[in-house]
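Below is one structure, written out as structure tokens; the observations come after it.
The values are calculated or read from the model by the stated rules, or taken from the named source; none is laboratory data. Bear in mind that the values here come from a model prediction, so they are computed numbers and not experimental data. Positions of Cβ are backbone-derived with ideal geometry, glycine not excepted, and every protein chain shown enters the neighbour counts.
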């Protein structure tokens, strides 16, 4: 019974809703007050019919199907009492962008007011900046086929000369030799090299055939030096310079003893022999030994290093400084003069002897490479050679 009452109440509400919609369309608003009175009369008639229908249905049992003539007359169709099927809802397709909605203006006797549609503005939110280095994404590209031009081979021109048979590494530079002939040529070359070596040894022996050098064998006996005890540092047509590797004890020239080492004295490290006037110069610590023959007798004189001679040069900042043994080579000539040979790159600008400036470079002069100071210690300075730059 409760189910029937609930169904009837729901039916009444549905009838009221549909009747109002059928009698008064929403698209056309009421024009006058007469239309309002007609609507009220229609509403009263429908309510009375529904009440009569409810009174007639009280005598019937629950679960039976009820069909009302009034309901069929108004176009609602039959209702089943055993169950209720809710109306199906068909969703309206949404529009992508909001469209303007025409607002309905109700009359003075409007009972229901529709809510206004709310329009929302679309606001674009900026994306936050992305910091850091973006790593490029490698996208493989299709290979590109490059068509290379096909070059035709150069034409082969007929050669006018005789054709030679090509070898492994190309055409032979000349006629091919037999292996036995190659071996004979090689042996001839070796013989020539041996002859050259023998000639050098003979020349060396000729230079030293008149000179005999002696050393101590460790037991107090004098023995003649071999090629391992000395080396020839310089040699030309006028003189020969020998550098000693062993300690020199005695020098004999043409069966005459010209030098003998004295106990307690430093050993000689270098010897120079002048062929033209037969003069020997020995270098040792602290000075030179000058040996010459006068009246068939050898005389030796000791000459100290010329400390009274000061030589100056100029650096890249135009500052003068005194030269030392590392800037030049000091020798004693066959005449007994001091010879200064400057190392390449040293620029001599001034020479002082016994405190007096004997030479100073001018702009028009070249830098000397060799300076010789005579025995008289005067201003007789021989600039035998000059540099080619100023």
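Tabulated data for the structure shown
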| item | result |
| --- | --- |
| Those residues of the range 191-209 which are at pLDDT 70 or above and closer than 22 Å to residue 269 by Cβ, in sequence order | 208 |
| Entirely in the range 216-268, the strands (runs of 3 or more DSSP E) that have 3 or more residues that are under 60 Å from the mean Cα position of the chain (by Cα) | 230-235, 239-244 |
| Whichever residue in the range 351-379 is under 50 Å from the mean Cα position of the chain (by Cα) and not in a loop (DSSP other than H, G, I, E, B) and, among such residues, is nearest to residue 303 (Cα to Cα) | 370 |
| Of the criteria (1) under 47 Å from the mean Cα position of the chain (by Cα); (2) surrounded by 11 or more Cβ atoms within 10 Å (Cβ to Cβ), which one residue 316 fails | (2) |
| Test result for residue 358, touching a strand residue (DSSP E or B) at 6+ places or on another chain (Cβ under 6 Å), modelled with pLDDT under 90 and surrounded by 11 or more Cβ atoms within 10 Å (Cβ to Cβ) | yes |
| Hits in the range 276-297 - residues which are surrounded by 14 or more Cβ atoms within 10 Å (Cβ to Cβ) and modelled with pLDDT under 90 | 278, 293 |
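Yes/no matrix, rows are residues, columns are (1) within 23 Å of residue 332 (Cβ to Cβ); (2) crowded, with 16+ Cβ neighbours inside 10 Å:
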{"position": "218", "(1), (2)": "no, no"}
{"position": "238", "(1), (2)": "yes, no"}
{"position": "250", "(1), (2)": "yes, yes"}
{"position": "265", "(1), (2)": "yes, no"}
{"position": "274", "(1), (2)": "yes, yes"}
